[in-house]
Amino acid sequence: MAQFYHAIGVVVVRWAIAEESMKELTAACSDIRNEVASEALVLNMPNMSLVHMLSTIAKESFEPDLEYFREHLLWACKVFDACRENRNLFSHLSLSPIHFMDRNGVTYTAERAVLHRETAKGQRRSHIQEVHLQDIRDIADEILHLTGFLRDLIEAHHGSVTYRGGVLVPLPSKPPLPHRRSQTLRPWRQAGRSPPLPSEE
């Protein structure tokens with residue numbers, strides 16, 4: 001399981017950096033001119049509140065000469081929220097390794113694990129799903145791309161403020177919207193059988 005724990009650790013560390021970038025972007029886009037006050041406002045703000053604040057700024061309060069940022073800010077909110085959900089899925093849950101024996105009697109640990117989670121929407125429900133190591137690594141990469149996008153937006157915003165009234169600063173390319181893994185992971189089927197060997201997949 002060492003590879004799984006390492007991959008989850010990368011997700012957690014990269015997410016912390018993405019959070020700080022989201023806070024910095026939200027503070028920069030706020031109407032609060034005092035930098036200390038704007039940063040204090042978002043310092044301990046929950047992630048969902050950050051998404052709500054930045055999307056509201058983009059939709060209703062964004063300054064007219066910076067309106068061309070609107071679609072990029074709204075997209076940043078969507079990507080951030082999808083990454084947030086995926087990060088929470090793997091950092092708040094338990095994983096169990098999949099072990100099985102090959103034809104030669106050698107115990108093999110698959111690069112897959114069983115993910116256990118519980119939800120309480122009306123009634124408490126338990127979910128057991130299969131997760132591949134690559135799923136977690138992909139989530140870490142998606143968060144890394146999100147952070148790069150947020151940093152580029154911060155730089156573009158600073159540039160547009162500096163050159164307000166002049167040429168519009170080029171905006172960065174939008175990263176793809178990540179899949180929400182809670183909706184795409186396959187249910188784990190034990191059925192008294194071992195997972196297929198790598199050569200059989």
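Numerical summary
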item: Phi to ³J(HN,Hα) by Karplus 6.51 cos²θ - 1.76 cosθ + 1.60 over segment 149-159, Hz, x for Gly, Pro; result: 5, 5, 5, 5, 5, 4, 5, 5, 5, 4, x
item: Inter-probe distance in nm under a simple model that places probes 7 Å from Cα toward Cβ, at Lys59 and Ala2; result: 4.9 nm
item: Additional length obtainable on full extension of the chain from His179 to Arg70, 0.36 nm per residue less Cα span; result: 37.0 nm
item: Burial order of peptide ranges 48-56, 69-77, 82-90 (average beta-carbon count within 10 Å, highest first); result: 82-90, 69-77, 48-56
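A short reminder: the numbers here are calculations on the coordinates, not readings from a lab. None of these values were measured; they are calculated from a predicted model. Cβ atoms come from the backbone with ideal geometry, glycine included; neighbour counts cover every protein chain shown.
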